[in-house]
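Written out below as structure tokens is the structure these notes cover.
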Amino acid sequence: MDDLDLGSLIPSLDSLLGWLDLVLRVAVMAGPLAMLGLGLFYFLAAPKEANWTAGYRFRYGMAKVQSWQFMQRLAGIVFSGAGLVLTVIMTICCAGFKQLPPMDMAMEAGKLILWELVILVVAKIGINVTVIALFDSEGNRRSDFRGMKI
């Protein structure tokens, strides 16, 4: 037991900091890539009828097939667009991580993730408000928007 050196079991600080950079980049890029993937799914492969397992779900858009399909297309366009723009922006922001000290790198990654969450919430609110404005709770198109092509 005297030959056991506990210090040799601890990884060197250089390897830990190298992993920190990778972990923070993955954490920052996960949100935009998930938004892009969900947006493409909603737009291209959403179920044709409302269900509680797959697709973008919101009460006003689930009552009839017309409102469901509109909501899926809208969610697909919004999430795909936001995911694509965020992916490009976050890739540019992550490129500067190497020059930062570890604590500043973590703080910057935290700020970027908060911005991603804010943009996600704004996108969801925008989709929901649009669906509420165009359809009533039974899924019927509101009379104000009957002549409008979507």
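Before moving on, here are some points about what is shown:
- Residues in the stretch 95-106 that are in a helix (DSSP H, G or I) and surrounded by 12 or more Cβ atoms within 10 Å (Cβ to Cβ): 97, 102, 105, 106.
- Of all residues in the stretch 8-61 being among the β-branched types (Val, Ile, Thr) and closer than 27 Å to residue 96 by Cβ, the one that is modelled with the lowest pLDDT: 23
- Take the conditions (1) within 21 Å of residue 37 (Cα to Cα); (2) surrounded by 11 or more Cβ atoms within 10 Å (Cβ to Cβ); (3) modelled with pLDDT under 95; residue 139 misses just one of them, which is (1).
- Whichever residue in the stretch 77-128 is aliphatic (A, V, I, L, M) and over 19 Å from residue 35 (Cα atoms) and, among such residues, is modelled with the highest pLDDT: 107
- Residue count for the stretch 30-73, restricted to those that are in contact (Cβ under 8 Å) with a residue 60 or more places away in the chain, part of a helix (DSSP H, G or I) and under 15 Å from the mean Cα position of the chain (by Cα): 3.
- So residue 119, is it farther than 30 Å from residue 19 by Cα and either in contact with an Asp or Glu (Cβ under 9 Å, 6 or more places away or on another chain) or surrounded by 14 or more Cβ atoms within 10 Å (Cβ to Cβ) (or both): no
- Just one residue in the set 81, 76 is assigned to a helix (DSSP H, G or I), of a type in the set (Gly, Ala, Ser) and buried (at least 18 other Cβ atoms within 10 Å of the Cβ); that residue is 76.
The values are calculated or read from the model by the stated rules, or taken from the named source; none is laboratory data. None of the values given here were measured: they were computed from a predicted structure. With ideal geometry, Cβ positions are generated from the backbone for all residues, glycine too; neighbour counts draw on all protein chains shown.
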